[in-house]
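The values are calculated or read from the model by the stated rules, or taken from the named source; none is laboratory data. These figures come from a predicted structure and were not determined experimentally. Quick reminder, even Gly has a Cβ in these numbers, built from the backbone with ideal geometry, and neighbours come from all protein chains shown. When the accessible area is computed, the model is the full protein with side chains, heavy atoms only, and any ligands, DNA or RNA have been set aside. Shrake-Rupley method; radii C 1.70, N 1.55, O 1.52, S 1.80 Å.
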Amino acid sequence: MADWIDHIKADRDRGLCTALSQQAHAAVNARYPGCTLEHCVVCDAETGRAGRHEDSIYREDASGEEVGPLCEGCASEMEAANG
């Protein structure tokens with residue numbers, strides 16, 4: 001039977017991320033290592049950030065579309081490329 005941790009994992013697999021307490025992050029990651037870590041959409045590296053409504057990095061690309069979350073390196077490269 002699925003519990004709340006399995007539901008969080010299923011949501012994350014579908015791209016749905018909700019805010020979690022530090023205790024909830026620890027519980028989910030204990031069962032599904034790395035599940036709640038945020039990854040850069042460009043290079044897939046861990047961003048080291050907390051999530052879209054916390055401190056994630058998003059930038060506009062050359063066409064004005066929002067891209068993210070980004071790691072610091074990819075954000076810097078995007079800023080340099082877009083002037």
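Structure notes:
- Residues of the chain: accessible area per residue with a 1.4 Å probe, Å²: 68 Å²
- Lys, Arg +1 and Asp, Glu -1 on Cβ, resulting dipole of the chain about Cα centre, debye, nearest 20: 380 debye
- Extreme residue, positive dipole direction of the chain, given options Cys43, Met1, Ala62 (C-beta unit charges): Met1
- Between the beta carbons of Ala81 and Asp55, assuming R0 = 22 Å, the FRET efficiency works out to 0.45 to the nearest 0.05.
- Using alpha carbons only: equivalent-ellipsoid semi-axes of the stretch 4-82, gyration tensor based, whole Å: 27, 12, 10
- Fraction of accessible area attributable to carbon and sulfur, the chain (%, probe 1.4 Å): 50 percent
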